[in-house]
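Taking it in order: structure first as structure tokens, then the write-up.
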Amino acid sequence: MGLNYYYILKRVRQARKLVIKGTTTAGSGHPGGSFSMAEILGCMYSKFLKYDPKNPLLPDRDRLVLSKGHASPGLFSNLAVAGFFDKSEIDTLRKFGSRLQGHPDFKCPGVEFCGGSLGLGLSFSIGMALAARIDEKNHHIYTIIGDGESDEGQVWESAMAGSKFKLDNLTVLLDRNFIQQDDYTERVMPLDEELVGDDISEMWKNAARWKVGDKWRSFGWNVLEIDGHRIEQIQKAVNSALQTKGTPSIIVARTIKGKSVEHMEDNPKWHGVAPNPQIAPLIDLELDCQFLIAPSIIAGDMTNLENEVKRASHGRADFIHLDVMDGQFVPNKTFDHEKIKQLRPITSIPFDTHLMIHEPVKHVKDYIDAGCDIITVHAEVCNESSFGEIYDMLRSNEVSVGLAINPETELPPWIETFASDLDQIIVMSVVPGKSGQKYIESTHEKTQRIVKFLAEAKFEGFIEADGGVDLSNVESCFFDGARVFVGGSAIIGQKDVRIAIAEFRKKLMHARRKLLISKAHSLGGTELVNKWIDLHEVGKKKTDLLQIAKEASFV
Ligand code: DX5
Ligand code: ZN
């Protein structure tokens, strides 16, 4: 089974948008802590939890207890996306008589715990876990707790109880976002090593300082520590928790409060404040403009691909792009599924496999079995029926589906059948066959045209720019509408992959800021531009934003 990566990513984006819609309409609520746990909840509701939205009280369902109940918009959005109620109900958030209150309660289908008073959810979950054991039920209990919440003594009492009763049917996820109510946790009540100095938001990036896992270990828990925004790490940790017998598990998920919206990120102000309705469309656009970087390992040492995967993963790549060439569809040969199977254990980072092979329908199963998470096949070697077959095979194995076109090729007419469900489209910007070629300039215009067409066809997936993408053109590719960027020679071909990826990210961030500023200007002129820029209080974002606005003569 694949990670179902894009499926989850799209649902996480939908849920975040609903959080913004709900809190903006209500004029209050908690977006910060809803966003820090967005990927965690996305994985839970899309991958792990057993439930039936039409029968919310199904006896054998798994239970998800949101102990940090103030993040209810995050929970409600996921319940809406999962089908427990209509998405439009989010507009009733916090309204008198609504099922969706500021803190979850049982009125709302899918809610397992009336959160709000912090510190209680874990005790409640221990009761559930003990009851399941007595009743000889196999369902699992997942509990989301906050780091601010961990100031409550009852959390630690239940930590002792969980361990005493060896509750291996219980998994806690700690949303470690370092912010509580109106300040950083380490100032209010440190959970980690004492942080000295003022630049707190920088300091906790150093993982060596994270000590909260040791506290839980000393209480006898199985502790897993992850980046709580990485879908693959969440899945790996939950799977490992589910396999652990004889002790309860806790996943310490390092997260960012307000994650995905730059002005909310790491800013305590966004714990419990709703966005201004004028700003909401900008946030929506920002959520549509998240980007991913996919180093292509064939640009490295082909005799040591293991090392190339390691370099990409050390460089914090979002995907590993695997170019499979068969010497038939393209003149070159690279590697096949056997090699991918060997590379798979090296990292949990999604494998984004680009099949440049003849008759992909005959071989796709091998690539699923090799552990690929995203598989893209070429339109030139498919027709509606064979692509349909590939599509079904990938979907039923939770592998994301991509379609690629060569520089000379247009989208096939049968794209209409699949457009709304496709995950990824690669618009090749070089003639496929090898890395290190020059970007074909006409691809910009072609991508823009395709993006427009696909929007009308209700495509919600991602455009991947592949071939000759480097620091000089990655911004233009972003403006064209690409959101995933393959880098062969410009990333893997560089001495320091981590620096190369960081530079790509910097460029893309800059491009996104530019796009958002011009959107702000078109929506509300200089006033809105200034208003939006002023929201960026933490770190050095504001300087860059002001510079961009000045260059565009918007301020
Ligand atoms: C070309 C491949 C690309 C290529 C990327 O056939 O699909 O992924 O290797 O490498 P650069 O970025 O060097 O073009
Ligand atoms: Zn490729």
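The residue that is nearest to Pro31 (Cα to Cα), counting only those in the range 66-93 that are within 21 Å of the chain's Cα centre (by Cα) and of a type in the set (A, V, I, L, M), is Ala71. Restricting attention to the range 391-417, the residues that are crowded, with 21+ Cβ neighbours inside 10 Å and outside any loop (DSSP other than H, G, I, E, B) total 7.
In the set Gly29, Gly22, Gly83, Gly33, only one residue is outside any helix (DSSP H, G or I), surrounded by 18 or more Cβ atoms within 10 Å (Cβ to Cβ) and either touching an Asp or Glu at 6+ places or on another chain (Cβ under 8 Å) or of a type outside the set (A, V, I, L, M) (or both); that residue is Gly29. Note on the range 140-165: among residues that are within 26 Å of the chain's Cα centre (by Cα) and assigned to a loop (DSSP other than H, G, I, E, B), the one that is modelled with the highest pLDDT is His140. Taking the criterion of being touching a residue at least 24 places away in the same chain (Cβ under 8 Å) and either buried (at least 23 other Cβ atoms within 10 Å of the Cβ) or not β-branched (Val, Ile, Thr) (or both), the residues of the range 239-251 that qualify are Ala241, Leu242, Lys245, Gly246, Pro248, Ser249, Ile250, Ile251. Per the conditions (1) in contact (Cβ under 8 Å) with a residue 24 or more places away in the chain; (2) in a loop (DSSP other than H, G, I, E, B), the sole criterion not satisfied by Asp301 is (1). Within the range 353-361, is there a residue that is under 20 Å from Asn4 (Cα atoms), polar (S, T, N, Q) and crowded, with 23+ Cβ neighbours inside 10 Å? Yes - at least one qualifying residue is present in the range 353-361.
Which one is farthest from Gly493 (Cα to Cα), of the residues in the range 389-437 that are charged (D, E, K, R) and within 16 Å of ligand 1 (Cβ to nearest atom)? The extreme case among them is Glu408. Among the residues of the range 327-343, those that are crowded, with 16+ Cβ neighbours inside 10 Å and either closer than 26 Å to His229 by Cα or small (Gly, Ala, Ser) (or both) comprise Ile340, Leu343. Does at least one position in the range 278-293 carry a residue that is polar (S, T, N, Q) and without any contact (Cβ under 8 Å) to a residue 40 or more places away in the chain? Looking for residues that are polar (S, T, N, Q) and without any contact (Cβ under 8 Å) to a residue 40 or more places away in the chain, one finds none in the range 278-293, hence no.
Which ones in the range 341-366 are closer than 24 Å to Ser435 by Cα and more than 15 Å from ligand 1 (Cβ to nearest atom)? Result: Lys341, Gln342, Leu343, Arg344, Ile346, Thr347, Ile349, Pro350, Glu359, His363, Val364.
Scanning the range 331-361 for residues that are touching a residue at least 40 places away in the same chain (Cβ under 8 Å) and closer than 16 Å to Asp318 by Cα yields Ile346, Ser348, Ile349, Pro350, Asp352, His354.
Look at Asp168 and say whether it is within 25 Å of Ile234 (Cβ to Cβ), assigned to a loop (DSSP other than H, G, I, E, B) and without any contact (Cβ under 8 Å) to a residue 40 or more places away in the chain. So Asp168 fails the test. The residues of the range 432-485 that are within 12 Å of ligand 2 (Cβ to nearest atom) and either surrounded by fewer than 20 Cβ atoms within 10 Å (Cβ to Cβ) or of a type in the set (Ser, Thr, Tyr) (or both), listed by number, are Gly433, Lys434, Ser435, Gln437.
The values are calculated or read from the model by the stated rules, or taken from the named source; none is laboratory data. These figures come from a predicted structure and were not determined experimentally. Positions of Cβ are generated from backbone atoms using ideal geometry, with glycine treated the same way; all protein chains shown enter the neighbour counts.
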